[in-house]
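Student: Have a look at this one before I ask anything.
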Amino acid sequence: MENNLIRVLEGQYLDELTSELCDFSLEEQNAATEAQGVKPLASSDYVPIVGKSVTYVVACVIVNDKNEVLMMQEAKESCAGKWYLPAGRMEPGETIMEAGMREVLEETGLKVDVTTLLAVESAGGTWFRFVLTGRVSGGELKTPSQADQESIQAKWVGNLDELNLRANDILPIIDLARNHKRRIPKDPNWHKDILPARKAHYKNYLRVVVAIKNKSTNQVFILLSEKTAYHFPTVEIHPGRSIHSTLKKFMIELFGADLPQHRPHGVLSVEHHTTRSQPNPTDGVCLTLLVICRPSIESVSLIGKCIWHELNKELSARLAMTVAAKNSTLLMHVVR
């Protein structure tokens, strides 16, 4: 399990059958809801399919050496003339990176090499936006004479106050990208470059790395599920709830009603790889989320579904540094 922890800290995928290790499936969540006399919000056989039952959006925040941001002017009738980041919906069969590079090329005329994810945003359990950054590798900036249905033009912008923006929701992620650009190379307070790990999933999963400290020894422990084989606790993302709601209900499932205070720190890894050659598209994602328990391990009890695993000193120190640094994980922003 310590090797698996190292892998997710590096943003890599885990070579395991997530479907078999899921601790709280949608079917089980619905059964728990029905037991309380409440009608489930989604069918137990829900499967995420791009363009049908799930929406994945990519947004690319490209910052140059002058601290200018690559912006595009909208051509769509509903927001024509307004400015926004190159962004749009993933198409069936695309990976997150492919969608990001396509959107930038179509809307700005520039080719980019994606270098890292910066954030994952979600609304409900069926809308996700993956925020990427990278560097320009070619192409020519689109001018008004090249206007098409994708955009009117693109330009590098230093002062965003000069623009009539389509929406202000991009301002926080632009600030994030600028801070990432200004960081010192190998800054321990920032996560390494993390790209989506290429692993296919039929469903959407939230894998949690729950960390807690022993007050007397200052050692870090992580929570492991004992179902089938030891693994990080995993829940199927409920399509009718927010990520925060799914997480809270899952934590209650793991700890019982006496739930310790906890907070999500951020995303460690994103697993996604779509395949269209099989009967069922693998459009699902698996997000690995770092969750910090505030109390010490001495004051937290488990209900028998999981155990605490003490990390070796080296890995304990590494995880402690990750917990202490604000930008050591990808930002998780839950819109609703």
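Student: For the range 247-286, what is the accessible area per residue in Å² when the probe is 1.4 Å?
Tutor: Details: 1640 Å² over 40 residues.
Heavy-atom accessible area per residue stands at 41 Å².
Student: With a sphere of radius 10 Å drawn around the Cβ of residue 204, what net charge do the other residues whose Cβ falls strictly inside it have (Lys, Arg +1; Asp, Glu -1)?
Tutor: Charge balance near residue 204 sits at -1.
Student: Net charge near residue 261: determine it from the other residues with C-beta under 14 Å of the C-beta of residue 261, scoring Lys and Arg +1 and Asp and Glu -1. It would help to have the intermediate numbers written out before the result.
Tutor: On the way: positive: 213, 248, 263, 294; negative: 258.
It works out to a net charge of +3.
Student: Here's something else I'd like to know. Along the Cα-to-Cβ line of residue 111, 7 Å from the Cα, sits a label point; which residues in the range 123-138 have backbone N less than 20 Å from it?
Tutor: Only 133-138 pass the distance filter.
Student: Take the Cβ-Cβ distance between residue 301 and residue 324 as r, set R0 to 25 Å, and report the resulting FRET efficiency rounded to the nearest 0.05. Don't skip to the end; give the middle numbers.
Tutor: Numbers: r = 26 Å, r/R0 = 1.04.
Calculated transfer efficiency: 0.45.
Student: Moving to a separate point now. Amide H to amide H, which residues 5 or more places from residue 282 or on other chains are under 5 Å from it, using H placed in the peptide plane?
Tutor: Under 5 Å from the amide H of residue 282: 275.
Student: With an 8 Å Cα cut-off and a minimum separation of 6 or more residues, compute the relative contact order for the range 24-123 in percent. Numbers along the way, then the final one.
Tutor: On the way: 100 pairs, mean separation 19.3, N = 100.
Once divided by the residue count of the range 24-123, the mean separation gives 19 percent.
Student: Quick one: how many lysine pairs does the range 1-85 have with C-alpha atoms less than 29 Å apart and a gap of 8 or more or different chains? Give me the count, please.
Tutor: Numbers: 39/52; 52/76; 52/82; 66/82.
Here the count comes out as 4.
Student: Here is a follow-up. Show me, for the range 267-275, the HN-Hα J-couplings you get by feeding each phi into the Karplus relation (A = 6.51, B = -1.76, C = 1.60, θ = phi - 60°), rounded to Hz, glycine and proline as x.
Tutor: Rounded to whole hertz, the list is 8, 8, 8, 10, 10, 6, 7, 8, 10.
Student: Hey, what do the phi angles of the range 136-152 turn into as Karplus ³J(HN,Hα) couplings, whole Hz, using 6.51/-1.76/1.60 and θ = phi - 60°, x for Gly and Pro?
Tutor: 6, 10, x, x, 10, 4, 5, 10, x, 5, 9, 4, 8, 5, 7, 6, 8
Student: Quick one: compute the contact order of the chain, relative version, from alpha carbon pairs under 8 angstrom and 6+ residues apart, as a percent.
Tutor: Values: 723 pairs, mean separation 75.4, N = 336.
Relative contact order comes out at 22 percent.
Student: Classify the range 181-243 from the C-alpha gyration tensor, please: rounded if a/c falls under 1.5, else prolate or oblate depending on whether a/b exceeds b/c. Walk me through the numbers on the way to the answer.
Tutor: On the way: a/c = 2.13, a/b = 1.12, b/c = 1.90.
Because a/c hits 1.5 or more and a/b fails to exceed b/c, the range 181-243 counts as oblate.
Student: Here's another thing I want to ask about it. Sum -39500 (n - 2.57) across every DSSP H segment of at least 4 residues in the chain, then divide by the residue count to get the 222 nm mean residue ellipticity, nearest 500. Working shown, then result.
Tutor: Details: 7 runs with 72 residues, N = 336.
So the calculated ellipticity at 222 nm is -6500 deg cm²/dmol.
Student: Follow-up. Using amide H atoms built 1.01 Å from N in the peptide plane, name the residues 5+ places from residue 83, or on other chains, whose amide H lies under 5 Å from its own.
Tutor: The answer is 74, 164, 165, 166.
Student: State whether the range 107-237 is rounded, prolate or oblate according to the following rule on the C-alpha gyration tensor (a ≥ b ≥ c being the square roots of its eigenvalues): a/c under 1.5 gives rounded; otherwise a/b larger than b/c gives prolate, and the remaining case gives oblate.
Tutor: Details: a/c = 2.55, a/b = 1.91, b/c = 1.34.
Because a/c hits 1.5 or more and a/b exceeds b/c, the range 107-237 counts as prolate.
Student: Continuing with this model, one more query. Kindly provide the pair-distance distribution of the chain built from C-alpha pairs, with 20 Å bins from 0 and whole-percent values in order of increasing distance.
Tutor: All Cα pairs considered, the percentages come to 30, 55, 15, 0.
Student: How far, in nm, would the chain grow between residue 79 and residue 309 when pulled straight, counting 0.36 nm per residue and subtracting the alpha carbon separation?
Tutor: 77.6 nm
Student: Counting Lys +1, Arg +1, Asp -1, Glu -1, what net charge surrounds residue 54 among other residues with beta carbon under 11 Å of its beta carbon?
Tutor: Details: positive: 52, 89, 203; negative: 283.
Result for the local shell: +2.
Student: Next question. Work out from phi, with θ = phi - 60° and the Karplus expression 6.51 cos²θ - 1.76 cosθ + 1.60, the ³J(HN,Hα) of each residue of the range 27-34, listed in order in whole Hz, and give x for Gly and Pro.
Tutor: For the range 27-34, the Karplus-derived couplings read 4, 5, 5, 5, 5, 5, 5, 5 Hz, x marking Gly and Pro.
Student: Another question, then. Specify the inter-centroid distance of the range 68-126 and the range 270-336, based on alpha-carbon positions, in whole Å.
Tutor: When both Cα centres are located, 27 Å separates them.
Student: Classify the range 62-164 as rounded, prolate or oblate from the Cα gyration tensor: take a ≥ b ≥ c as the square roots of its eigenvalues, call it rounded if a/c is under 1.5, otherwise prolate when a/b beats b/c and oblate if not.
Tutor: Values: a/c = 1.41, a/b = 1.24, b/c = 1.14.
Rounded, because the longest to shortest axis ratio a/c is under 1.5.
Student: With r as the distance between the Cβ atoms of residue 175 and residue 146 and R0 = 30 Å, compute the FRET efficiency 1/(1 + (r/R0)^6) and round to 0.05. Before the final figure, lay out the partial values.
Tutor: Working: r = 30 Å, r/R0 = 0.99.
After rounding to 0.05, the efficiency reads 0.50.
Student: Determine the dipole magnitude for the range 61-186: charges of +1 sit on the beta-carbon of Lys and Arg, -1 on that of Asp and Glu, nothing else is charged, the reference point is the Cα centre, and the result goes in debye to the nearest 20. Can you show the working numbers first?
Tutor: Working: 16 positive and 19 negative charges, 108 e Å.
Here the range 61-186 has a charge dipole of around 520 debye.
Student: So how far, in whole Å, is the C-alpha centre of the range 178-221 from the one of the range 37-59?
Tutor: 26 Å
Student: Leaving out ligands, DNA and RNA, what percent of the accessible area of the chain is carbon and sulfur, probe 1.4 Å? Write out the running numbers ahead of the final one.
Tutor: Details: 7580 of 15570 Å².
Of the solvent-accessible surface of the chain, carbon and sulfur hold 49 percent.
Student: How high is the FRET efficiency between residue 258 and residue 184 when r is their beta carbon distance and R₀ equals 45 Å, given to the nearest 0.05?
Tutor: Details: r = 43 Å, r/R0 = 0.95.
Working from the Cβ atoms, E equals 0.55.
Student: Over the range 33-183, give the accessible area per residue in Å² for a 1.4 Å probe, as an integer.
Tutor: Values: 7030 Å² over 151 residues.
Ligands and nucleic acids excluded, the figure is 47 Å² per residue.
The values are calculated or read from the model by the stated rules, or taken from the named source; none is laboratory data. This structure is a prediction, so every number in the text was calculated from the model and none was measured. Every residue, glycine among them, receives a Cβ derived from its backbone with ideal geometry; neighbour counts consider all protein chains shown. Accessible surface is based on the protein model in full, side chains and every heavy atom, while ligands, DNA and RNA are left aside. Shrake-Rupley method; radii C 1.70, N 1.55, O 1.52, S 1.80 Å.
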